[in-house]
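S.K.: Supplied in structure tokens, the structure appears directly below.
The values are calculated or read from the model by the stated rules, or taken from the named source; none is laboratory data. Source: prediction; values computed, not measured. Virtual Cβ from ideal backbone geometry, glycine too; neighbours counted across all protein chains shown.
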Amino acid sequence: MTLDRRTPLDTARLRFREMGEGDLDDMAALLGDADVMRFYPAPKSRDEAAEWIRRMQERYETHGFGLWIIETHDGEFVGDCGLTWQRSNGRAVLEVGYHVRADLQGRGYATEAARACVEEARRRFAPTELTAIIHPENIASRRVAEKLGMTHTEDDHGHDWIVRTVMSMQLI
């Protein structure tokens, strides 16, 4: 059986593609940026960014999806966005996740990309629950989830460093 490795459909401003080794400079800058990663335990090193890319490539092979590179139609790197299986309170949940370069935040890119990923999740998995697992102080990320139609459903106590907010919606 062949896995469905299609990316979400292009949006008005963005397109999606799988991450590759050639994305290391952009991903290391994104994941190493203290502003972008302020709600994580710490920014990631270049080696950790390389591991991030490797994990996404493994997810494409195993599941047919992961976080994808998001870029403008002109090829400018914006960040990453996509679907991943995560753990929340001991159970597997499908999550939409997103990271946007700090200098491009506040322009609606995360919402635009995440909406395309919601539609991709609907196409692949509906009916199902889709989540966003968010640091409780990350108001901007919470606003993106709310714009997608998500509401707070529980707190995730599965990490020793933070109680995370879980927002979700039912895809039909």
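S.K.: Does Ala12 satisfy the condition of being surrounded by fewer than 20 Cβ atoms within 10 Å (Cβ to Cβ), assigned to a loop (DSSP other than H, G, I, E, B) and in contact with a Pro (Cβ under 7 Å, 6 or more places away or on another chain)? Break it down stepwise before answering.
M.R.: On the way: surrounded by fewer than 20 Cβ atoms within 10 Å (Cβ to Cβ): yes; assigned to a loop (DSSP other than H, G, I, E, B): yes; in contact with a Pro (Cβ under 7 Å, 6 or more places away or on another chain): no.
Taking the combined requirement at face value, the residue does not satisfy it.
S.K.: Hey, can you tell me all the residues within region 45-81 that are surrounded by 20 or more Cβ atoms within 10 Å (Cβ to Cβ), among the small types (Gly, Ala, Ser) and closer than 21 Å to Asp35 by Cβ?
M.R.: Across region 45-81, the qualifying residues are Ala49, Gly79.
S.K.: Suppose we filter region 103-159 for residues that are without any contact (Cβ under 8 Å) to a residue 24 or more places away in the chain and in a strand (DSSP E or B); how many remain?
M.R.: Qualifying residue count for the region: 4.
S.K.: Same structure again: Answer yes if at least one residue in region 30-37 is surrounded by fewer than 16 Cβ atoms within 10 Å (Cβ to Cβ) and either touching a strand residue (DSSP E or B) at 6+ places or on another chain (Cβ under 9 Å) or assigned to a strand (DSSP E or B) (or both), and no otherwise.
M.R.: Of region 30-37, the ones surrounded by fewer than 16 Cβ atoms within 10 Å (Cβ to Cβ) are 34-35.
Those still in the list that are either touching a strand residue (DSSP E or B) at 6+ places or on another chain (Cβ under 9 Å) or assigned to a strand (DSSP E or B) (or both) too: none.
No; the residues of region 30-37 include none that is surrounded by fewer than 16 Cβ atoms within 10 Å (Cβ to Cβ) and either touching a strand residue (DSSP E or B) at 6+ places or on another chain (Cβ under 9 Å) or assigned to a strand (DSSP E or B) (or both).
S.K.: If I go through region 83-108 residue by residue, how many of them are surrounded by 14 or more Cβ atoms within 10 Å (Cβ to Cβ), under 15 Å from the mean Cα position of the chain (by Cα) and under 16 Å from Ile134 (Cβ atoms)?
M.R.: Of the residues in region 83-108, 12 are surrounded by 14 or more Cβ atoms within 10 Å (Cβ to Cβ), under 15 Å from the mean Cα position of the chain (by Cα) and under 16 Å from Ile134 (Cβ atoms).
S.K.: On the basis of being in contact (Cβ under 8 Å) with a residue 40 or more places away in the chain, under 22 Å from Ala140 (Cα atoms) and touching a helix residue (DSSP H, G or I) at 6+ places or on another chain (Cβ under 7 Å), does Arg5 make the cut? Explain how you work it out, then say what you get.
M.R.: Details: in contact (Cβ under 8 Å) with a residue 40 or more places away in the chain: yes; under 22 Å from Ala140 (Cα atoms): no; touching a helix residue (DSSP H, G or I) at 6+ places or on another chain (Cβ under 7 Å): yes.
Here the answer is no, as Arg5 does not meet what is asked.
S.K.: Of all residues in region 62-102, how many are under 18 Å from Asp23 (Cα atoms) and without any contact (Cβ under 8 Å) to a residue 24 or more places away in the chain?
M.R.: So the count comes out to 3.
S.K.: For the list (1) out of contact with any His (no Cβ under 9 Å at 6 or more places or on another chain); (2) modelled with pLDDT of 95 or more, I need the number of the one condition that Gly79 fails.
M.R.: For Gly79, the failing item is (1).
S.K.: If we scan region 125-135, do we find a residue that is at pLDDT 95 or above and touching a Pro at 6+ places or on another chain (Cβ under 8 Å)?
M.R.: Within region 125-135, none of the residues are at pLDDT 95 or above and touching a Pro at 6+ places or on another chain (Cβ under 8 Å).
S.K.: Condition first: in a strand (DSSP E or B) and out of contact with any strand residue (DSSP E or B) (no Cβ under 9 Å at 6 or more places or on another chain). Now tell me which residues in region 52-94 satisfy that. Steps first, answer last, please.
M.R.: Taking region 52-94 first, the residues in a strand (DSSP E or B) are 67-72, 77-88, 91-94.
Within region 52-94, just Arg91 meets the criteria.
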